[in-house]
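The values are calculated or read from the model by the stated rules, or taken from the named source; none is laboratory data. Everything numeric here is computed off the predicted structure, so don't read it as measured data. We place every Cβ from the backbone using ideal geometry, glycine too, and count neighbours over all the protein chains shown.
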Amino acid sequence: MRAIVSLNSGSSSIKFAVFALDADNRPHHTAGGKFERIGIAPSLVIRTDAGEVLEERAWDDGAALTHADLLEYLFDWARAHIAQGTILAIGHRVVHGGSSFVAPRRVDDALLDELESLCPLAPLHQPHNLAAIRSLARLAPEQPQVACFDTAFHHAMPPLATRFAIPRELHERGLRRYGFHGLSYEYVAQELARIAPALARGRVIAAHLGNGASMCAMLDGLSVDTTMGFTALDGLVMGTRCGTLDPGLVLHLQTQEHMAPDAIEDMLYRRSGLLGVSGISSDVRALREDGSAAATEALELFASRAAREAAGLLPALGGLDAMVFTAGIGENDPAMRAAICQRLAWLGIEIDPAANVANAPLISTPDSRVALRIVPTDEERMIALHTLHALNGTAHKGQAPEGEL
Ligand code: ADP
């Protein structure tokens, strides 16, 4: 068997997937899993595509186990699991590619050093993405690794969408809007092209609503605007991130409240969003179960700001043909989808309550002027496709995700 391993390494979790290549170099998902609660009491589950559990472990006293320790465990498992085969390459999600990296790249020391310099722009993700690459390079120096950037998909945005209204020279130094969740949007765009090709050619808002949340305006499958900007803090309310904020508030915290920069960073990235507003949890399921006034207010703020951000993307599209929901909340939380759509009903959006509650692929009524769809995202597959192409020195240009490579 020849295989590609995709890795998505976060602060307290590592998601991964193994894709076997058939004779035509088409990737087939064979197994995937997740380490969770890293730094507290790590656990691991690996399942086959059919849902059969291949490996399940919990390290109850494993608070000291590092990402590197767990990756070593995973790498040993992968080498044993892909017994007669070869891991052709390991592909990584790397959140920030800055201005320079607009396509997936084979990893070498020079690339890692450049990507390291972008860590302050994505402190929640980038250090973990890069640490995973470095750990694997130490374990298996001969193993090709490929970095796939979450910013790359938005490189198609018109120049105006990349600008902040700040002095010109700062823009030239890279202080501009980049946009994130690009691997997810690229996958969703390709899936939509497969499922509903006419819609995919139209004016689409894709809403990636997970712990991190953003929206992307797409014309003919390409990003023309997005809600995240210079960092992954901007735009929607998120699990623990604040979303759009008056920058004057940050200045106030510095000058009047005398908060240190790292304390402000901690507040904006880790103690805000649903967690900050509710004071209870960053997790939508927990907030729905809780049902308190504060939990309800946090969920309402999420929906209201999401509708506002969606409306803000409309001028870039000149109208709306479809809205596509994806990621944990987008795929699984009917109440949040309904709350967002109700706030956008004036656009002629009509959600079908029964289809919505069933998490059906099409959740709009036949009369709705805007098609509403759920498209489950698969960033790991997108990483595998890009990794293969980077290995072969070709660009992955919009094939359907199961398509010929
Ligand atoms: P990440 O950005 O970490 O990949 P996910 O895409 O897994 O995040 O999304 C996590 C969010 O999705 C959490 O708020 C979680 O509560 C929510 N979620 C997941 N499953 C459900 C569900 N069945 N119902 C409601 N919310 C859900």
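Considering the range 256-276, and only residues there that are away from the ligand (no atom under 15 Å from the Cβ) and assigned to a helix (DSSP H, G or I), the residue that is nearest to residue 338 (Cα to Cα) turns out to be 268. Of all residues in the range 61-113, those being over 24 Å from residue 123 (Cβ atoms) and of a type in the set (Ser, Thr, Tyr) number 2.
For the range 303-337, a residue qualifies if it is within 16 Å of the ligand (Cβ to nearest atom), within 13 Å of residue 214 (Cβ to Cβ), touching a strand residue (DSSP E or B) at 6+ places or on another chain (Cβ under 8 Å) and in a helix (DSSP H, G or I), and the qualifying residues are 306, 327, 329, 330.
In the set 90, 14, 46, 4, which member is surrounded by 16 or more Cβ atoms within 10 Å (Cβ to Cβ), at pLDDT 90 or above and within 18 Å of the chain's Cα centre (by Cα)? After applying the criteria, what remains is 14.
Scanning the range 209-225 for residues that are over 13 Å from the mean Cα position of the chain (by Cα) and part of a strand (DSSP E or B) yields a total of 7.
Looking at 64, 78, 147, just one residue is outside any loop (DSSP other than H, G, I, E, B) and closer than 28 Å to residue 269 by Cβ, and that residue is 147.
Listed here are the residues, each with its yes/no results for (1) more than 14 Å from the ligand (Cβ to nearest atom); (2) surrounded by fewer than 21 Cβ atoms within 10 Å (Cβ to Cβ).
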| position | (1), (2) |
| --- | --- |
| 176 | yes, yes |
| 181 | no, no |
| 186 | yes, no |
| 192 | yes, no |
| 217 | yes, no |
| 221 | yes, yes |
| 226 | yes, no |
| 238 | no, no |
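The set of residues in the range 163-188 that are within 14 Å of the chain's Cα centre (by Cα) and either more than 22 Å from residue 385 (Cβ to Cβ) or in a helix (DSSP H, G or I) (or both) comprises 182, 183, 184, 185, 186, 187, 188. Flag: residue 18 matches the condition of being in contact (Cβ under 8 Å) with a residue 12 or more places away in the chain and touching a helix residue (DSSP H, G or I) at 6+ places or on another chain (Cβ under 9 Å). Among the residues making up the range 338-359, those that are loosely packed, with under 15 Cβ neighbours inside 10 Å and within 16 Å of the ligand (Cβ to nearest atom) are 357, 358. State whether one or more residues within the range 315-332 are at negative phi, surrounded by 15 or more Cβ atoms within 10 Å (Cβ to Cβ), without any contact (Cβ under 8 Å) to a residue 60 or more places away in the chain and of a type in the set (D, E, K, R). Yes, the range 315-332 contains at least one residue that is at negative phi, surrounded by 15 or more Cβ atoms within 10 Å (Cβ to Cβ), without any contact (Cβ under 8 Å) to a residue 60 or more places away in the chain and of a type in the set (D, E, K, R). Candidates 226, 231: the one that is over 19 Å from residue 283 (Cα atoms) and modelled with pLDDT under 95 is 231. Would you check which residues across the range 1-16 are within 16 Å of the ligand (Cβ to nearest atom) and not hydroxyl-bearing (Ser, Thr, Tyr) and list them? Hits for the range 1-16 are 7, 8, 10, 14, 15, 16.
Taking residue 206, is it crowded, with 24+ Cβ neighbours inside 10 Å and either of a type in the set (Gly, Ala, Ser) or in a loop (DSSP other than H, G, I, E, B) (or both)? Criteria met by residue 206.
Residues that are within 23 Å of residue 184 (Cα to Cα), in a strand (DSSP E or B) and within 16 Å of the ligand (Cβ to nearest atom) occur in the range 17-26; there is at least one. When residue 201 is tested against (1) away from the ligand (no atom under 16 Å from the Cβ); (2) in contact with a helix residue (DSSP H, G or I) (Cβ under 6 Å, 6 or more places away or on another chain), exactly one condition is not met: (2).
Evaluation of residue 240 against the conditions (1) under 30 Å from residue 149 (Cα atoms); (2) among the β-branched types (Val, Ile, Thr); (3) touching a residue at least 40 places away in the same chain (Cβ under 8 Å); (4) not in a loop (DSSP other than H, G, I, E, B) shows that the sole unmet condition is (4).
Taking into account only those residues within the range 104-121 that are surrounded by 14 or more Cβ atoms within 10 Å (Cβ to Cβ) and in contact with a helix residue (DSSP H, G or I) (Cβ under 7 Å, 6 or more places away or on another chain), which is farthest from residue 392 (Cα to Cα)? Selected residue: 119. For beta carbons closer than 7 Å, sequence separation of 6+ or different chains, a first residue in the range 136-147 that is surrounded by 14 or more Cβ atoms within 10 Å (Cβ to Cβ) and a second that is part of a loop (DSSP other than H, G, I, E, B), the qualifying pairs are 136/143; 145/107; 146/104; 146/107; 147/104; 147/107.
Summed over the range 277-300, residues that are in a helix (DSSP H, G or I), within 14 Å of the ligand (Cβ to nearest atom) and surrounded by fewer than 18 Cβ atoms within 10 Å (Cβ to Cβ) total 5.
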